[in-house]
Structures are given as C-alpha cells and as structure tokens.
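The values are calculated or read from the model by the stated rules, or taken from the named source; none is laboratory data. Quick caveat, the model's predicted, so the values are computed rather than measured. Every residue, glycine as well, gets a Cβ built from its backbone with ideal geometry; the counts of neighbours run over all protein chains shown. Ligands, DNA and RNA are stripped out before the accessible areas are found, and what is left, the full protein with its side chains, is counted by its heavy atoms. Shrake-Rupley method; radii C 1.70, N 1.55, O 1.52, S 1.80 Å.
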Amino acid sequence: MVARRLVRALPDKPTVLDVGCGAGGMSVALVEALSARGGGTVVLVDAVPELLDAATTAARSAATYETDTTTASVRVRPVLADLATERPVEIAGPAQMVWASNVVHHLPDQRAAVLGLIEAVAPGGWLALAEGGLSGKFLPFDLGIGEPGLQERLSAARAQWFVRMRENTAGSVRLPGGWNLVLSDSGLVDVTAFSYLIDHPAPPKQAVRDWAVDQLKWYDEVAGDVLHPADRRTVKQLLDPEDPAFLGLRDDVFLLTANTVYLGRKP
C-alpha cells in the first residue's frame with residue numbers, strides 16, 4: 001500500500017533508490033509496485049553485505065509481474081555503500097524517487113544527510129523519508145508479573161537511549177526542527193506527510209511473538225540499564241523460554257504501531 005502510493009506520481013519506468021534497504025522488506029514492495037505500473041529500476045543501497053545480499057535476492061524474486069495480457073520487469077541493482085562516507089548521487093546516480101526509512105537519524109549530521117539524499121533526486125523527483133511516528137506497543141498493560149505498565153517504562157527508557165545515542169555519536173549535530181521543516185528548508189517543495197498503521201492484534205501469529213521477543217531483547221540491550229531492577233527482573237522472566245511467562249508463548253502479545261513518511265519534491 002505504501003509503496004504503491006509513493007510510486008503513483010512517478011513517470012513511466014522510473015528509477016527508485018532504496019537507501020539503507022536492510023533485508024529488503026520495502027525493496028520487495030517497491031519492486032512489486034513498479035511491476036504493477038509497467039516496470040522500472042530499483043537500486044538497493046546498504047553498508048552490510050549480508051543484508052544487501054538478502055534484499056537483492058528477495059527483490060529479484062519479485063521483479064517480474066505477470067497478468068493475462070502483460071509482463072512487466074523491474075531491474076534490481078545492488079550497491080554496497082556507507083552513507084556516512086559516500087554520496088548517494090555518486091554511488092547510485094539520479095533517481096525519480098529516493099526512499100530512506102529510519103536511516104538518517106543514525107547519521108551524525110542529519111540535515112547534511114538529507115541534503116545528500118536530495119542531491120540524488122532527479123529534478124521533479126521525490127524524496128520519501130520515513131522517520132518517527134508512534135512508538136510500537138506489543139505488551140498488555142498488566143502481564144500478570146511485575147508492576148503493570150512495563151510497556152510505557154520501556155518506551156521511556158528507549159527515548160533516553162535515543163538521546164544518549166545521538167549525544168555519543170561523533171560529530172552529532174542537532175536538527176533545527178521537525179522533519180517537514182528540514183525538507184522545506186533544504187529546498188524541497190510540496191512537502192507533505194502521511195502515517196500508516198501496523199496492527200496485528202492478539203492472539204498473535206508466532207511471527208508476531210518472535211518479533212516481540214526480539215524487540216524486548218533489543219530494549220534490554222540498549223536501555224535495560226535505566227530500568228528499575230524490578231523491571232529488569234520482569235524482562236528477564238519474559239525472555240526466559242523456561243519461564244511460564246515467556247513472551248514467545250503468550251497469547252496476549254500484539255503489535256500496534258504507526259510510521260510517518262515525509263515527502264518533498266525537488267524543483
């Protein structure tokens with residue numbers, strides 16, 4: 001749905017640059033969206049070879065769209081590159097759309113990173129920046145163990161971690177304001193934003209349980225030190241496959257979050 005909405009305004013057979021593609025979830029969606037409208041090129045960029053390989057394999061498997069009357073192909077081109085040291089326009093060339101999801105906030109100078117992405121956008125093309133939204137929830141308010149409200153305290157701990165992460169990033173530069181202002185101040189026009197909901201209610205599929213376990217492990221690794229000792233004990237129980245409260249076996253786990261995409265057109 002998001003990918004189809006993004007490519008709707010692009011010219012025929014466009015080039016779309018997927019920056020920080022990871023394992024290729026959005027890469028596949030972009031390939032399918034371009035296939036459905038006649039083809040094009042998707043350039044995948046990531047700094048981790050294993051992730052880039054996985055994204056390339058997944059995207060190429062989705063690169064041909066067939067109906068009773070037509071077959072549309074999408075070219076998939078992988079590029080191994082680190083945006084912290086390389087300019088997107090030099091590694092991937094101009095694109096009718098540049099997509100970057102949860103990438104820019106990891107870079108020291110976020111505004112400079114946005115300017116680098118804009119440089120890779122062809123005139124009249126679009127930058128689509130997925131940043132922010134609502135922090136994902138996956139735990140019921142009362143787990144039956146520990147103090148109720150653990151999810152809210154985990155979210156607060158994550159916010160503290162993010163501030164520390166930015167402060168400890170070498171050469172870190174604060175943003176002057178929200179992402180829409182960054183895009184406007186960087187010279188883009190027709191700046192807008194939209195959000196989309198991800199909702200997997202309880203009782204969950206096992207994939208949601210597995211995701212929740214991985215998410216809680218991540219919370220524990222990056223922000224566990226700021227939790228109260230009692231909460232840390234609860235987290236330990238939830239992550240213990242031998243404990244009756246193990247998150248991977250619970251039927252009250254869910255996933256509810258909202259992501260925001262900021263859009264701007266290059267004059």
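Do we have any residue at all in segment 244-267 that's among the basic types (Lys, Arg), closer than 26 Å to residue 4 by Cα, outside any strand (DSSP E or B) and open to solvent by 30 Å² or more (accessible area, probe 1.4 Å)? Checked against the condition, which is being among the basic types (Lys, Arg), closer than 26 Å to residue 4 by Cα, outside any strand (DSSP E or B) and open to solvent by 30 Å² or more (accessible area, probe 1.4 Å), segment 244-267 yields at least one hit. Does any residue of segment 100-120 turn out to be part of a strand (DSSP E or B) and buried (at least 18 other Cβ atoms within 10 Å of the Cβ)? The answer is yes; a qualifying residue exists.
Conditions first: (1) of a type in the set (Gly, Ala, Ser); (2) closer than 30 Å to residue 10 by Cβ; (3) open to solvent by 30 Å² or more (accessible area, probe 1.4 Å); (4) touching a Pro at 6+ places or on another chain (Cβ under 9 Å). Residue 172 passes all but one, so which condition is the exception? Every condition holds for residue 172 apart from (2). Set side by side, the residues 143, 154 differ, and just one is in a loop (DSSP other than H, G, I, E, B), of a type in the set (A, V, I, L, M), over 18 Å from the mean Cα position of the chain (by Cα) and over 23 Å from residue 18 (Cα atoms), which is 143.
Return yes when residue 240 is charged (D, E, K, R) and either under 24 Å from the mean Cα position of the chain (by Cα) or part of a loop (DSSP other than H, G, I, E, B) (or both) and no when it is not. It would help to see each step written out before you state the result.
Values: charged (D, E, K, R): yes; either under 24 Å from the mean Cα position of the chain (by Cα) or part of a loop (DSSP other than H, G, I, E, B) (or both): yes.
Criteria met by residue 240.
All of (1) in a loop (DSSP other than H, G, I, E, B); (2) in contact with a Gly (Cβ under 8 Å, 6 or more places away or on another chain); (3) surrounded by fewer than 19 Cβ atoms within 10 Å (Cβ to Cβ) hold for residue 86 with one exception: (2).
Among the candidates 150, 197, 154, single out the residue that is under 30 Å from residue 120 (Cα atoms) and either hydrophobic (A, V, I, L, M, F, W, C) or surrounded by fewer than 16 Cβ atoms within 10 Å (Cβ to Cβ) (or both).
On the way: 150 fails: under 30 Å from residue 120 (Cα atoms); 154 fails: under 30 Å from residue 120 (Cα atoms).
One residue alone meets the criteria, 197.
Each residue in segment 44-65 was checked for being modelled with pLDDT of 90 or more and in contact with a helix residue (DSSP H, G or I) (Cβ under 9 Å, 6 or more places away or on another chain), and 8 pass.
Selection within segment 30-57: residues that are open to solvent by 30 Å² or more (accessible area, probe 1.4 Å) and among the aliphatic types (A, V, I, L, M). The member of this set that is farthest from residue 81 (Cα to Cα) is 36. Of everything in segment 196-235 that is over 24 Å from residue 130 (Cα atoms) and of a type in the set (S, T, N, Q), the residue that is farthest from the chain's Cα centre (by Cα) is 234.
Can you work out which of the residues in segment 119-136 that are hydrophobic (A, V, I, L, M, F, W, C) and within 18 Å of the chain's Cα centre (by Cα) is farthest from residue 102 (Cα to Cα)?
In the first step, residues of segment 119-136 are kept if they are hydrophobic (A, V, I, L, M, F, W, C); the result is 120-122, 126-130, 134.
Going one step further and asking which of them are within 18 Å of the chain's Cα centre (by Cα), we end up with 126-130, 134.
Details: 126: 17, 127: 14, 128: 11, 129: 8, 130: 6, 134: 13 Å.
The residue in question is 126.
Could you tell me which residue of segment 80-119 is modelled with the highest pLDDT, considering only residues that are closer than 21 Å to residue 260 by Cα and polar (S, T, N, Q)? Filtering first and then ranking leaves 96.
Would you call residue 60 surrounded by fewer than 17 Cβ atoms within 10 Å (Cβ to Cβ), part of a helix (DSSP H, G or I) and not β-branched (Val, Ile, Thr)?
Working: surrounded by fewer than 17 Cβ atoms within 10 Å (Cβ to Cβ): no; part of a helix (DSSP H, G or I): yes; not β-branched (Val, Ile, Thr): yes.
No.
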